[in-house]
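Scroll down for the structure; my scribbles are underneath it.
The values are calculated or read from the model by the stated rules, or taken from the named source; none is laboratory data. Note that this is a predicted model, so its numbers are computed, not measured. Note that we place each Cβ from the backbone using ideal geometry, even for glycine, and neighbour counts take in every protein chain shown.
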Amino acid sequence: MPLLAGALLAAACGRNDEPQLTALQVDQPEGWADELALNVPVDLNPDPNILEIELEAKVADIEFREGLTTPAWTYGGTVPGPFIRAKVGDTIIVNFSNSLPEATSIHWHGIRVPNEMDGVPGVTQDPVATGGGFRYEFVARDAGTFWYHPHINSAAQVGWGMYGPIVIEDPTDPEEFGDELVLMLSDIGLAEGSGEFLPVDTGGAFGDLFGREGTVLLVNGKVRPTLKVRAGKQQRWRIINAARARYYTIGLPGHMLVRLGGDNGLAARSEEVPNLVVVPGERADIVFTPSNEPGETAMLRWVPTERGFGTVFNRPRENMMAIETVDEAPVIPAPIPTELREIEAIDIADAVEHTLDMTIDLNNNDVVMGINGIPYWNFEPVQARIGETHVWSLTNTTIFSHPFHLHGYFFQVLDDSRVPEWKDTIDVPVDSTVRIAIPFEDRPGAWMYHCHILDHAEAGMMGQLYVLP
Ligand SMILES: [Cu+2]
């Protein structure tokens, strides 16, 4: 195991009696990521290949705005919830309890779990009622950056703070990527000058249509935190978009970012990108090389992303995180490997074809979204059999872009201009068709697919896939 991965695992798997607030530090400035620290859960299981934790959903007062508290909905009392880190092949056991005033569940976004662990109430499990619990158990088969969130009343529950990061480490990863940081990007909808939430139906039908972006930007639950960097000293950022509707365009003027991969681990090759877009539900795994002079501070800004009607017009950029270059001699950046992983193209010669058209119907003041014109409550399942490969054409003629997410299976995007990689979430821009290839290799069951603008999913843009044995 490379030294770095070993050190990270040792830091994350400490079996102390108390949860520890910690950032992963190997070779960065003192306290570099203190303001971005995540809550690390206590591993209750002595087996080094089993991570077993307790996780309680509860309302907790959190100070997002200085001097004001917000009754956030949380996992374990923090936003984001505890950082789950394990290695490929580990068993993860989560003894979940619900102390919220309403039912909830946990969906393990991007992880190839058995169907009964997928956390979809009414489909794969009963809702976890107030005072109830559920034991989630699955094997982490794949390396990558994942996350967890509820799959019931999800626009509200996610919007109020319910999400947490997951990193599954592959001990055979190349180690030249620098010290590692999880950046969970989200926002929270607070009334002006207040710690109180905006009403859940803010904006009415237009809120459904546009998707409700929060009013306060958060990075690891913090408003404009500061990250300390040393000039030239690389950091690997695992970015997760946990916002209910907001797209993020990540860019730092004067800095080049190198994308290593995203949803389901490394891509086939690394690529330099001037900036990158991370849509709701999606992840990006990048290397950031600080190139400012010692003593300078740069701002990582939220930049409006064109995702349809009115999403860019007149909207200002907003500061998201300060990047402070400490007053130390620069170091020479390490070369980043180009070839990262062998990813075979999916054989689509005998693929079953489906078209999934994302649709919006406006009737007076009522917004109904759907797939092929059918809202979720009337869904007609797509059927597949184990062993089949499907090609789905995701089409979008609506006035908004839709980040499409498939549960349970990875897919590849059929687009020769893209570096090959495995994904579970893909943007389908306005007036476009995105073709994805999905091998159904195992795990029959009923799986969801939906728009990850959670207001759209709840307005009906969701369907079910039946994978038959
Ligand atoms: Cu959508």
Worksheet item: Looking at (1) on the phi > 0 side of the Ramachandran plot; (2) at pLDDT 95 or above, which is the one condition that is false for N314?
Response: (2)
Worksheet item: In this structure, does A329 turn out to be in contact (Cβ under 8 Å) with a residue 24 or more places away in the chain and in contact with a strand residue (DSSP E or B) (Cβ under 7 Å, 6 or more places away or on another chain)?
Response: no
Worksheet item: Which of the residues spanning the range 86-116 are outside any loop (DSSP other than H, G, I, E, B) and surrounded by fewer than 20 Cβ atoms within 10 Å (Cβ to Cβ)?
Response: T91, I93, N95, S97, N115, E116
Worksheet item: Pick from the range 361-374 the residues that are in a strand (DSSP E or B), within 15 Å of H402 (Cβ to Cβ) and not hydrophobic (A, V, I, L, M, F, W, C): which of them is farthest from the ligand (Cβ to nearest atom)?
Response: D361
Worksheet item: Does the range 375-386 contain any residue that is surrounded by 15 or more Cβ atoms within 10 Å (Cβ to Cβ), within 14 Å of the ligand (Cβ to nearest atom) and under 27 Å from the mean Cα position of the chain (by Cα)?
Response: yes
Worksheet item: If you take the residues of the range 117-141 that are in contact (Cβ under 8 Å) with a residue 40 or more places away in the chain and in a loop (DSSP other than H, G, I, E, B), which of them is surrounded by the fewest Cβ atoms within 10 Å (Cβ to Cβ)?
Response: R141
Item to complete: Starting from the range 375-389, keep only residues that are aliphatic (A, V, I, L, M), then list their pairs with residues that are modelled with pLDDT of 95 or more whose Cβ atoms are within a distance under 6 Å, requiring at least 6 positions of separation or different chains.
Response: V382/H354; V382/L465; A384/H390; A384/F440; A384/V467; I386/F440; I386/P444; I386/P469
Worksheet item: Going by the structure shown, is I336 modelled with pLDDT under 95, among the hydrophobic types (A, V, I, L, M, F, W, C), away from the ligand (no atom under 16 Å from the Cβ) and surrounded by 10 or more Cβ atoms within 10 Å (Cβ to Cβ)?
Response: yes
Worksheet entry | Segments classed as strands (runs of 3 or more DSSP E), wholly inside the range 396-469, with at least 3 members that are in contact (Cβ under 8 Å) with a residue 12 or more places away in the chain and away from the ligand (no atom under 16 Å from the Cβ) | 432-439, 445-451, 462-468
Worksheet item: If you check G295 against the conditions, is it at positive phi, over 21 Å from the mean Cα position of the chain (by Cα), touching a residue at least 12 places away in the same chain (Cβ under 8 Å) and within 16 Å of the ligand (Cβ to nearest atom)?
Response: no
Discussion item. Given the condition within 29 Å of V123 (Cβ to Cβ) and exposed (fewer than 15 other Cβ atoms within 10 Å of the Cβ), answer yes or no: does some residue in the range 288-297 qualify?
Written reply: no
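Listed residues R244, R341, R236, R315; which is within 29 Å of G207 (Cα to Cα) and in contact with a Gly (Cβ under 9 Å, 6 or more places away or on another chain)? Spell out the reasoning first.
Numbers: R341 fails: within 29 Å of G207 (Cα to Cα); R236 fails: within 29 Å of G207 (Cα to Cα); R315 fails: in contact with a Gly (Cβ under 9 Å, 6 or more places away or on another chain).
Residue meeting the stated conditions: R244.
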